[in-house]
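Presented below is the structure to which this report refers.
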Amino acid sequence: MKTNINIKNRVAIVGAGMTLFRRRLKETPQELAFEASRVALDSAGLDVKDVEAVVIGSAPDAFDGFHMKGEHLSDGSMGYMKPVKRVFVGGATGVFTAIAGWWHIASGLYDIVLAVAEEKMSNARPHPQGLFKYIWDPIVERPLNPNLIWIFAMEMHRYMYKYNIKKEDIALVSVKNKRNALDHPAAQAAANISVDDVLKSEVLVWPVQRLDISPVSEGAAAVVLVSERVARKITDSPVWIEGVGWNLDSTHWTSRELAYPKYLEEAGNMAYRMAGIENPRKQLDFAEVYDPFDYKELHHMEGLQIANKGEAPKLTKEGVTQRDGDLPICPSGGLLGVGNPIAAAGMMKVCELFWQHRYEAGKRQVRIKRGYGLAQAWGDLMQVSTVVITKT
Amino acid sequence: MENRTSRLLRYPGDMEAESYLYTVGPLAEQFLLSIKNEGKIKAAYCKNCGRLFLPVRSFCTFCGKEVNELREIDQEGVVESFSKVKLDSFGKELKEPFYLAYIKFRNVEGGLLHKLGEVKEPKIGMKVKPVFKESKERIGSLEDILYFRPI
C-alpha cells in the first residue's frame with residue numbers, strides 16, 4: 001500500500017548520460033561534469049535553457065583538490081545563472097543527488113532539474129586512499145592510522161563469521177559483475193575471471209583481496225528529472241521515481257552492527273513504503289545494489305530485504321542475481337566492473353535504471369516483468385544508505 | 001582565573017593530501033602552450049553562440065555546447081579593477097607590495113587575474129599589455145606572464 005505523502009509533482013527521469021570511467025582522464029572536473037550533462041540533456045531532447053535548477057553531487061573536496069567543489073563544478077554542470085546546490089553524503093552521494101533532484105521537483109519548486117555527479121580521483125598524490133585518513137575520529141581512531149580497506153576487512157570478516165559464509169561464495173559477485181561490465185561501453189574493470197582468480201589475487205588486508213575490490217576511477221554521470229506535466233509532453237517512455245529513502249547509523253564505527261546494515265533496512269523501508277512495495281524480492285525486476293566490494297553487494301541485498309539475513313550468497317550461487325536470473329543484481333557491471341568514481345558511480349546506477357526500464361541497455365538488458373527497479377548507494381562514515389526506486 | 005583550555009590534552013594532526021597534480025584539460029593546455037610558444041594570450045571560441053571567453057575551458061558556460069577552438073584576441077587589456085596588496089594571506093607584511101588586477105580584453109567574456117608592473121598610479125579603465133618572460137624560460141604557466149604594464 002502506498003503511503004499518503006504530500007508530493008506536488010510526480011517525478012520522472014527523461015534523460016541519462018555518463019563519461020567513460022577510467023583511472024585517469026584528460027578532462028578537468030568541470031569538463032567531465034559537462035560531458036555527462038550534455039549527453040543527458042541530448043538524450044532528453046532538452047537544452048541548457050530548459051534547465052531550471054541543478055543539483056550537483058561530489059564526494060570530499062580533497063579528491064579533486066578544490067574546496068567548494070560543488071561551486072567549482074557548477075559551470076560545467078549547466079548551472080550558470082541558475083539555482084544550484086551540491087549535496088554530499090560520501091559514497092552514497094550519487095544516489096542522493098538523484099534524491100535531491102527528486103525533491104526539487106516533488107516539492108513543486110521546479111519542473112526540470114539536472115542532477116550531475118562527478119569525481120576526479122587522479123589529482124591527489126600519492127594515492128586518493130590516503131585522503132580517507134581524515135574521516136576518522138582524531139582522538140580515538142586516527143592514532144591507529146586506519147584506512148577504509150582495513151575497516152571493511154573487519155566488516156567482511158564479521159559477516160562471514162556470523163552467517164558462516166565462504167570466500168568462494170563471495171567471490172561469485174566479483175565474477176558476475178566484472179563479466180556483466182563486458183557489455184558496458186564505459187567500463188573500466190570489465191573482465192572474464194573465475195572464482196579461483198579472485199581467491200588467488202593479492203591479499204590486501206585479509207580477507208579482502210585485490211579482486212574483491214572496485215578500482216580507483218574518475219568520471220561523471222547525470223540524469224534529467226522532470227515533473228509529470230513536462231514528462232507527458234516530451235516523452236512516451238518516462239521512468240518514474242516512485243520511492244526514495246535514506247538513513248544513517250551511529251557516527252561511531254564501534255557503535256554499529258557489522259554483520260547487518262540495519263540503517264539500509266530503514267532506508268529501504270522508507271522507499272518501499274513510498275513506492276507501495278511490500279515484498280521487494282517478488283516485486284523488483286532488478287536492482288543496482290552498491291558493490292564497492294563483492295561482499296557489500298550481498299550485505300546490501302540483505303539490508304534491502306531482497307534476501308534473508310545470511311542468504312544473499314545462496315541466491316547468488318543459484319544464479320538468481322545473474323542478468324537472466326529472476327532478480328538480476330548489478331546488470332550494469334556495478335562498481336566492481338564499470339568502476340568507482342565515488343559520486344559518479346552511484347549516479348551511474350541511476351542511469352542504469354533509466355536505460356534498463358526503457359530497454360536501451362543493449363546486451364545488458366534484463367527482462368522488465370513487474371515494472372520496478374532499485375538503485376542503492378552507501379557511504380558517509382560508512383553508515384549511510386540511499387535508495388531510489390523506479391517504475392516503467 | 002586559570003585558562004581551563006590550557007589543561008586539556010590536545011592531539012596533533014594534519015589534513016591534506018601530500019600533493020596534487022591538477023588536470024589542465026585539453027583546450028586549456030593549448031592556451032598555456034600558446035603563452036609558452038607564441039607569447040600570446042588566446043581565448044576560447046564558442047562556434048555555437050559566437051562568444052570568446054576566458055578562462056579557457058572546453059565547454060560554453062553560456063550556451064552549454066562543446067568548445068574546441070582557441071582564437072587570437074587583441075592583446076591590449078583593460079583594468080576592470082585593481083588593489084594594492086600589502087599583507088600576505090597569513091597577515092605578514094610584504095617586502096614589496098604589488099598591484100593585483102582583474103584584466104579584461106576586447107570582445108572577450110571574463111578575463112584574467114594578474115599583477116600590474118611598471119606603474120606608479122594604476123587607474124581603473126587603464127589600458128595594459130602583458131610582459132612575458134624570455135621564451136626559453138617559459139614553461140606553459142600563467143607565471144610565464146610577469147605582469148601587465150600600461151600602454
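At 222 nm, what helix-only mean residue ellipticity would the protein assembly as shown give, in deg cm²/dmol to the nearest 500, using -39500 (n - 2.57) for each DSSP H run of four or more?
Working: 15 runs with 149 residues, N = 543.
Helix-only estimate at 222 nm: -8000 deg cm²/dmol.
If you wrap the Cα atoms of the range B:49-92 in a convex hull and average its projected area over all directions, you get 5.4 nm².
Accessible-area loss of 20 Å² or more (1.4 Å probe, protein heavy atoms, chain alone versus all protein chains) is found in the range A:1-42 for A:LYS26, A:THR28, A:GLN30, A:GLU31, A:PHE34, A:ARG38. Taken across both chains, chains B and A shield about 2300 Å² of accessible surface from a 1.4 Å probe. Compared with the dominant Cα axis of chain B, that is its longest principal axis, helix B:26-38 is turned about 80°. Heavy atoms of the protein chains alone define the surface here; on that basis the range A:57-180 has 37 Å² accessible area per residue at 1.4 Å probe size.
Work out which residues of the range A:100-133 lose at minimum 50 square angstrom of accessible surface when the other protein chains are put back, relative to the chain isolated, with a 1.4 angstrom probe, and list them by number. The answer is A:ASN123, A:ARG125 - residues whose exposure falls by at least 50 Å² when every protein chain is included. Measure off, as a whole percent, the carbon and sulfur share of the 1.4 Å-probe accessible area of the range B:22-150, all protein chains present. About 48 percent, which is the carbon plus sulfur part of the accessible surface. Contact with the other protein chains removes 10 Å² or more of accessible area, compared with the isolated chain and a 1.4 Å probe, from these residues of the range B:44-76: B:ARG57, B:SER58, B:PHE59, B:THR61, B:PHE62, B:CYS63, B:GLY64, B:LYS65, B:GLU66. Pairs spanning more than 26 Å between alpha-carbon atoms, out of B:LYS47/B:LYS133; A:LYS282/A:LYS317; A:LYS176/A:LYS363; A:LYS120/B:LYS84; A:LYS296/A:LYS349; B:LYS65/B:LYS136: B:LYS47/B:LYS133; A:LYS120/B:LYS84; B:LYS65/B:LYS136. Can you give the relative contact order of the range A:240-392 as a percent, counting alpha carbon pairs under 8 Å and 6+ residues apart? Taking the mean separation of contacting Cα pairs over the length of the range A:240-392, I get 35 percent. Only protein heavy atoms count here; under a 1.4 Å probe, B:TYR102 has an accessible surface of about 80 Å².
Size of the range B:22-150: Rg and Dmax of its alpha carbons, in Å, are 15.6, 48. Of all DSSP-defined beta bridges confined to chain A, some 75% are antiparallel rather than parallel.
The values are calculated or read from the model by the stated rules, or taken from the named source; none is laboratory data. Everything numeric here is computed off the predicted structure, so don't read it as measured data. To get the accessible areas, we keep the full protein, side chains included, count just its heavy atoms, and leave off ligands, DNA and RNA. Shrake-Rupley method; radii C 1.70, N 1.55, O 1.52, S 1.80 Å.
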